[in-house]
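The values are calculated or read from the model by the stated rules, or taken from the named source; none is laboratory data. Everything numeric in this text was worked out from a predicted model, so none of it was measured. SASA here: full protein model, heavy atoms, side chains in, ligands and nucleic acids out. Shrake-Rupley method; radii C 1.70, N 1.55, O 1.52, S 1.80 Å.
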Amino acid sequence: MGLDVRAFKNVKLISDPKISETEDLTQVYRGPFVEQFGDLKDGGYYDCEDDRWFCRMSYGRYSYFRNELAKVGGWPEYKVDKPEYNDPDYENKSHYNRHPNVAAIYNQPGNEVFGPFVEVICFSDCEGFICADICKKLYQDFVEHQAKADESLKETLGFLKMYNGLRDAFEFGANNGFVQYT
């Protein structure tokens with residue numbers, strides 16, 4: 001099992017529920033990631049002009065990829081000492097210890113998190129939808145940081161392939177569509 005990324009362009013909300021039973025439509029659901037879901041209709045069925053699968057990666061590798069993506073985005077390391085097993089916050093501290101650049105995002109002061117790639121880094125690695133507006137923002141992030149990614153990820157070609165695949169998926173979804181993580 002792992003993350004699969006599919007993008008849709010030129011989507012149209014289908015209002016007749018009877019059509020949804022006979023057509024090849026995609027039903028979207030918001031889940032906990034409200035900002036990324038944007039103006040999509042929760043529970044709505046969408047038809048599209050075109051859809052494509054762009055990239056895939058195992059969940060475990062994707063966690064490490066997110067940390068590399070945070071580095072590419074310029075996020076510093078958030079230092080956390082390796083926790084003792086009996087620490088009540090062992091799971092969080094252990095995750096932050098393994099992924100210190102992601103930890104910098106999650107440990108920003110305040111409730112609002114802004115910056116390159118945060119809509120992907122602070123998003124489910126197994127399911128969810130990202131609306132066209134957020135796709136546009138993310139596509140720009142990927143384009144603006146391409147040279148740094150090419151340099152930083154050249155030793156881990158799977159990560160560079162994922163970076164380029166996500167860039168292309170967000171470009172595709174930015175065309176009046178959305179991106180789906182499954």
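To the nearest 500 deg cm²/dmol, what mean residue ellipticity at 222 nm is calculated for the chain from DSSP H runs of n ≥ 4 alone, each contributing -39,500 (n - 2.57), summed and divided by the residues? Walk me through the numbers before you get to the answer.
Working: 9 runs with 79 residues, N = 182.
Using -39500 (n - 2.57) per qualifying helix, the result is -12000 deg cm²/dmol.
Which one is right for this structure if volume of the Cα convex hull per residue in Å³ is calculated from it: (1) 132; (2) 110; (3) 121?
(1)
Would you look at the GNM of the chain, springs on alpha carbons closer than 10 Å, and say which of Ile134, Ile14, Ile121 moves the most?
Comparing Ile134, Ile14, Ile121 in a Gaussian network model of the chain, the most mobile one is Ile14.
If the elastic network links every pair of Cα atoms under 10 Å, which of Ser15, Ser58, Ser124 fluctuates the most in the Gaussian network model of the chain?
Comparing Ser15, Ser58, Ser124 in the GNM, the peak value goes to Ser15.
For the chain, report the accessible area per residue in Å² (1.4 Å probe, heavy atoms, rounded to an integer).
On a per-residue basis, 56 Å².
Using a Gaussian network model of the chain whose springs link C-alpha atoms within less than 10 Å, name the residue from Asp50, Asp24, Asp141 with the highest mean-square fluctuation.
Among Asp50, Asp24, Asp141, the largest GNM mean-square fluctuation belongs to Asp24.
Among all lysine pairs in the chain that are eight or more places apart or on different chains, how many have alpha carbons less than 13 angstrom apart? Don't skip to the answer; put the middle values down first.
Details: Lys9/Lys136; Lys12/Lys41; Lys71/Lys148; Lys79/Lys93; Lys82/Lys93.
Here the count comes out as 5.
Using a 1.4 Å probe over the heavy atoms of the protein chains, calculate the carbon and sulfur portion of the accessible area of the chain as a whole percent.
Details: 4790 of 10100 Å².
Using a 1.4 Å probe with all protein chains present, the chain comes out at 47 percent carbon and sulfur.
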